[in-house]
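Down below is the structure, laid out as structure tokens.
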Amino acid sequence: MHDKAEPTPADDRATPRSGGTGSRHDATAPGVRTVGAGDSLPHDSAHKHVTGAAIYTDDERALDGELHLAPVLADIARGTIQAIDTTTARAVEGVVGVWTAADVPGRNDTAPVFDADPLMADERVSFFGQVVAVVAAEDLDTARRAARLVEVDATAEDPSLDLATAFERGDHLRPPHRQERGDPDAALSSAAHRLSGELVMGGQEHFYLEGQVARAVPGEDGDLWLSSSTQNPTEMQHLVARILDRDMKSITVEVRRMGGGFGGKETQSAQAACLAALVADATGRPARMRLRRHDDMVTTGKRHDFLGRWEVGFDDDGRITALVTDLVGNAGHSVDLSEGVVDRAMFHVDNCYFLPAARVSGHTVATNTVSNTAFRGFGGPQGMLVGESVIEAIARHRGLDPLEVRRRNFYAPVDRGDGRDTTHYGQQVTDNIIAGLVEEVATSADYDARRDEIAASNAQSTVLRRGIALTPVKFGIAFTVRHLNQAGALVHVYKDGSIHLNHGGTEMGQGLFVKVAQVVASELGVDVARVRVSSARTDKVPNTSPTAASAGTDLNGMAAQFAAREIRGAITTWLADRDDVDPDDVVFADDQVTVGERTLPFATVAHEAYMARVPLSSTGHYATPDIHYDRETGSGHPFFYYAYGAAVSEVVVDTLTGEMKVVAADLLHDVGRSINPAIDLGQVEGGFVQGVGWLTTEQLHWADDGRPTVTGPSTYKIPAIGDPPEHFEVRLVPDSVNLADVVYRSKAVGEPPLMLAISVWCAIKDAIASLADGAVDPPLAAPATPEAILAACDAVRADGVN
Amino acid sequence: MTTDHLPSGDPGGTPGHAHDHGSDLPADLVESTHAVSVTVNGRLRRATVPARRLLSDFLRHDLGLTGTHVGCEHGVCGCCTVLLDGAAVRACLLLAVGVDGRAVTTIEGLAAEDGTLHPVQQAFHDEHGLQCGFCTPGFVMSACDFLADNATPTRAEIREGMSGNLCRCTGYQNITAAVETAAARLAETGQDPRARCAGNDPDSGSGAVARARMGATPNEAGTTGRGPAGQGPSSTGALDDGPGDPGSAVGEGDA
């Protein structure tokens, strides 16, 4: 049984393709790539993706007797379960069983940090769509139909759905968190100008194309093997062990790839994994749970909607003297990762701007909605949007170009020595490249001339108004939870010279696997084609952190580098000794090893090293240095370094209908010394477009009874191919080097570019503001749907007349 | 068909006859089965399927062609796009019984048997027109149909013509570039984008030598399942030229 449960990773079965598959990246003969770190290799699964050969969890062929699961969802948003009648469902032929909270042998809780994320509702229902029971059947259709026959008798109560009301009522899930510098109250009082405002920001559905899915297969000794579409295999292992009251050693979780994650499979993958494990353990049969899209959108957490309230003091030039802000995150019914999300919003409300005096307060507030969770940026985008809306308000008040206000408030370079280089949480911004980056993109995108031209064009146009904005991004890199900043890797060199690589990171399309393979290939001086990246497995590399916080390559690349260097060192020592040469004269390059005067193929060296009993396998472990943060004082050094970018976006708005089109975007983003520019460019483009979706078309909605009314792509609009601007120029900052000691001096790239999309939101405001000649700051909500744009247009028109 | 896919547990099913589930069951759980013959990627496949079996499930579960992905299950995302008699369709919105007697091309049916990628596949590969890859087969299939209708599209026409497929990762720039590149390469060869790539191997399509090299299209051989060989339905039948295992309801013949 156990053998059957241990499938061969898909990659291990793939054979090198010969003939006709040469791409522009194939430097020489077919199948041989003389490239390593720094080269634009295709995604490691690119060939499998275009042929359909890549295997996602639900593509794994069902084993004999494999059961299919369907959830029973609560149809109230808040209330008490009186009874669950499963009789009719159980009677359906093909149904094997129905499980409820009472059947969980261990703790009925999949919470990652703080308690209270029940695997299945136990008495209390706290959001619409909460899983109440799970049905297992011989086939999926039967399971889904039988799930509808489970009768849940529950008394409904009025749900709490409005974030502002819940905040004002004090429905906090965690104590408020505060960062304070100077005396912001006194600074506000003495400020030449004061403004206050409020910004409501919607959440965002991840809409990974592959929904939540997991399989569990029983083995010997009560062991379970799981294939799970998760960014967080160790957490899945931990949670399955918890709900089954088992040790972690009994549970193995494997992840070959995900069809998208974006944060939505960091904790939200737990339900499918744990339910599949529960049924597999109870029945002794393999069990598979794949949520249909509707259920996925109803039951899993999303990006937090936020409420930002702020008051700012500034001088005649628009320089900020004080900022007081409350950042209120809608956690939903439970904490999940919300405290960290709110923290990260607080860490990014300053964006690129120095706040001489500040009080930044974060609030984690409960409502009766799904528990909101990680989503690319993890609160950073919400905090940053508040900060940028403050800048916009100041600019309109002073009659200045918002870009000029931004420039005047930029963090100063450390060497300027005026102290304007430290964040409100006490971290000095030592790698500041903001000003140069902004000037470069302002020049390349011809910002000044276009701004003048747009102003002239708007003066001639009553209905269609154009807008332009340049916004920068500074994003802190590291998990703000210190212990997560570690990673492990495992590298084997086989005696034929082929290399097996495993690390704690998971592949969700971001190209982590190929980048880490490039690192290992570079360290050993071999072709990337020698390196087989294998699926993440908790029994190969233990205690891994989620692939999140943009840190996948930073952490796992370093761990793999250490492991590869260990092996290279062992071979070097042996060769130097054997051939009596200096270790410095043993060189690994071009798929060969040069020892003094002799050059040997890498495969020959591997074989000879094996015969000489040299160890050819190694683990590597990396822990990010120099990070600390004290929640009590609200200060510290939470980030290893910052990633930067800047974007110029132009839009056109129909001020009579609210319709909007992004017509141009110029992005310049800093990834340090890129390990794979093609992969990194893809992250920048994709992140930007996803951010534009969050800020323009993607709108979540709930009915008054707490029922989600947006449950599929027919009503939830992620960007389609016609939505990105026709002029879309994306560049990586040339010749950039990460000052922090990150693998090959590269920088994390996953999340930061998403916030470049704030330039689109600000450009929309610019277009609307033209209705009152820029004198009124448009009260634009996010997302800037046509309705929101029209409301802001009407408000500006009314205000401009008064 | 195996028992995995029939609520009744009746391995063969009886075409046109409702299964006896007992009189106490809700009427919507009683389902008739039907015999279908579908030419899939150039091979005739016969099966007995429940009336409500989706084409996407038929391809994925009954035929093991898991390259057709299911994203939204209601016809919006385009992940499950296949060609039906050469036209792009959503496999999640069609029933298997509805394609009886017709020809379906899936992502597994584009590359040549010697492994040579179809020009559209090659272009998506070369232009980095993918990240997580889940939407990729649908995009490739849509592009094949689109380019058959418009061999020399402008970028604006690509943005219009490919708007029925969603991608959450890439931001579409490289997808647009891939379709442009594919158009240019197809124009050079004059190949019908809806047809399987001919390949470079003079022996392609003739027996075991070519098929032994079919690492590029393992799904076609039904061996992509992670379980041991023989665990899944029709996992050994696809390489046979004759009808499938008599014990299976999925058969095969020459198209």
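Tally up the residues in segment A:46-90 that are in contact (Cβ under 8 Å) with a residue 60 or more places away in the chain, buried (at least 20 other Cβ atoms within 10 Å of the Cβ) and in a loop (DSSP other than H, G, I, E, B), please.
Number of matching residues: 12.
Where residues in segment A:714-732 are more than 9 Å from every other protein chain (Cβ to nearest Cβ) and part of a loop (DSSP other than H, G, I, E, B), which of them is nearest to A:PRO677 (Cα to Cα)?
A:PRO725
Please find, among A:LEU700, A:LEU681, A:LEU656, A:LEU668, the residue that is within 30 Å of A:ALA455 (Cβ to Cβ), outside the structural domain of A:ALA37 (by TED's automatic domain parsing) and crowded, with 19+ Cβ neighbours inside 10 Å.
One residue alone meets the criteria, A:LEU668.
Restricting to segment A:91-116, and then to whatever is within 14 Å of another protein chain (Cβ to nearest Cβ) and either among the hydrophobic types (A, V, I, L, M, F, W, C) or in contact with a Leu (Cβ under 6 Å, 6 or more places away or on another chain) (or both), can you tell me which residue is surrounded by the fewest Cβ atoms within 10 Å (Cβ to Cβ)?
Of everything passing the filter in segment A:91-116, A:ALA91 is surrounded by the fewest Cβ atoms within 10 Å (Cβ to Cβ).
Tell me, please, whether a residue that is within 14 Å of chain B (Cβ to nearest Cβ), in contact with a helix residue (DSSP H, G or I) (Cβ under 8 Å, 6 or more places away or on another chain), not in a helix (DSSP H, G or I) and not aromatic (Phe, Trp, Tyr) can be found in segment A:269-280.
no
Each row is one residue, and each column tells you yes or no for (1) outside the structural domain of A:SER229 (by TED's automatic domain parsing); (2) closer than 24 Å to A:ILE675 by Cβ; (3) at pLDDT 95 or above.
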site	(1), (2), (3)
A:HIS25	yes, yes, no
A:VAL35	yes, yes, no
A:ALA46	yes, yes, yes
A:THR80	no, no, yes
A:ARG90	no, no, yes
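Residues of segment A:682-713 being touching a residue at least 40 places away in the same chain (Cβ under 8 Å) and assigned to a loop (DSSP other than H, G, I, E, B), which ones?
Across segment A:682-713, the qualifying residues are A:THR697, A:GLU698, A:GLN699, A:LEU700, A:ASP704, A:ASP705, A:GLY706, A:ARG707, A:VAL710, A:THR711, A:GLY712, A:PRO713.
Out of the strands (runs of 3 or more DSSP E) lying entirely within segment A:121-187, which hold 1 or more residues that are within 16 Å of A:ARG292 (Cβ to Cβ) and either small (Gly, Ala, Ser) or not assigned by TED's automatic domain parsing to the domain that holds A:CYS274 (or both)?
A:131-137
Restricting attention to segment A:250-268, which residues are part of a strand (DSSP E or B) and either at the interface with chain B (Cβ under 8 Å from one of its Cβ atoms) or hydrophobic (A, V, I, L, M, F, W, C) (or both)?
A:ILE251, A:VAL253, A:VAL255
State all residues of segment A:190-229 that are among the polar types (S, T, N, Q) and within 14 Å of chain B (Cβ to nearest Cβ); if no residue qualifies, say none.
Those that are among the polar types (S, T, N, Q) and within 14 Å of chain B (Cβ to nearest Cβ): A:GLN204, A:GLN212, A:SER227, A:SER228, A:SER229.
Report whether or not B:GLY22 is at pLDDT 95 or above and facing chain A (nearest Cβ under 10 Å).
No, not satisfied.
Output the residues belonging to segment A:188-198 that are in a strand (DSSP E or B), of a type outside the set (D, E, K, R) and either out of contact with any helix residue (DSSP H, G or I) (no Cβ under 8 Å at 6 or more places or on another chain) or crowded, with 22+ Cβ neighbours inside 10 Å (or both).
Passing the criteria: only A:SER196.
Suppose we keep only residues that are in contact with an Asp or Glu (Cβ under 7 Å, 6 or more places away or on another chain) and not in a helix (DSSP H, G or I) within segment B:167-199. Which one would you say is farthest from the other protein chains (Cβ to nearest Cβ)?
Among those that are in contact with an Asp or Glu (Cβ under 7 Å, 6 or more places away or on another chain) and not in a helix (DSSP H, G or I), it is B:ARG194.
Against the definition (within 16 Å of A:GLN179 (Cβ to Cβ), at pLDDT 95 or above, over 24 Å from the mean Cα position of the chain (by Cα) and assigned by TED's automatic domain parsing to the domain that holds A:TRP694), how does A:ALA345 come out, yes or no?
No: the conditions fail for A:ALA345.
For the structure I just gave you, tell me whether A:ARG359 is surrounded by fewer than 24 Cβ atoms within 10 Å (Cβ to Cβ), within 14 Å of another protein chain (Cβ to nearest Cβ) and in contact (Cβ under 8 Å) with a residue 40 or more places away in the chain.
No, not satisfied.
B:THR152 fails exactly one of the following numbered conditions: (1) under 18 Å from the mean Cα position of the chain (by Cα); (2) among the β-branched types (Val, Ile, Thr); (3) surrounded by fewer than 22 Cβ atoms within 10 Å (Cβ to Cβ). What is the number of that condition?
Of the numbered conditions (1) under 18 Å from the mean Cα position of the chain (by Cα); (2) among the β-branched types (Val, Ile, Thr); (3) surrounded by fewer than 22 Cβ atoms within 10 Å (Cβ to Cβ), the odd one out for B:THR152 is (1).
Need the failing condition index for A:ALA549 against (1) free of Cβ contacts under 8 Å to residues at least 24 places away in the same chain; (2) within 29 Å of A:PRO381 (Cβ to Cβ), just the number.
That leaves (1) as the condition not met.
Just to verify a result, which residue in segment A:284-305, among those that are within 11 Å of another protein chain (Cβ to nearest Cβ) and assigned to a loop (DSSP other than H, G, I, E, B), is farthest from A:ALA133 (Cα to Cα)?
A:PRO286
Kindly indicate the residue of segment B:48-73 that is of a type in the set (A, V, I, L, M, F, W, C) and in a helix (DSSP H, G or I) and also nearest to the other protein chains (Cβ to nearest Cβ) among those meeting that condition.
B:LEU59
The values are calculated or read from the model by the stated rules, or taken from the named source; none is laboratory data. Just so it is clear, the model here is predicted, and its values are computed rather than measured. Using ideal geometry, Cβ is built from the backbone for each residue, glycine included, and neighbour counts are taken over all protein chains shown.
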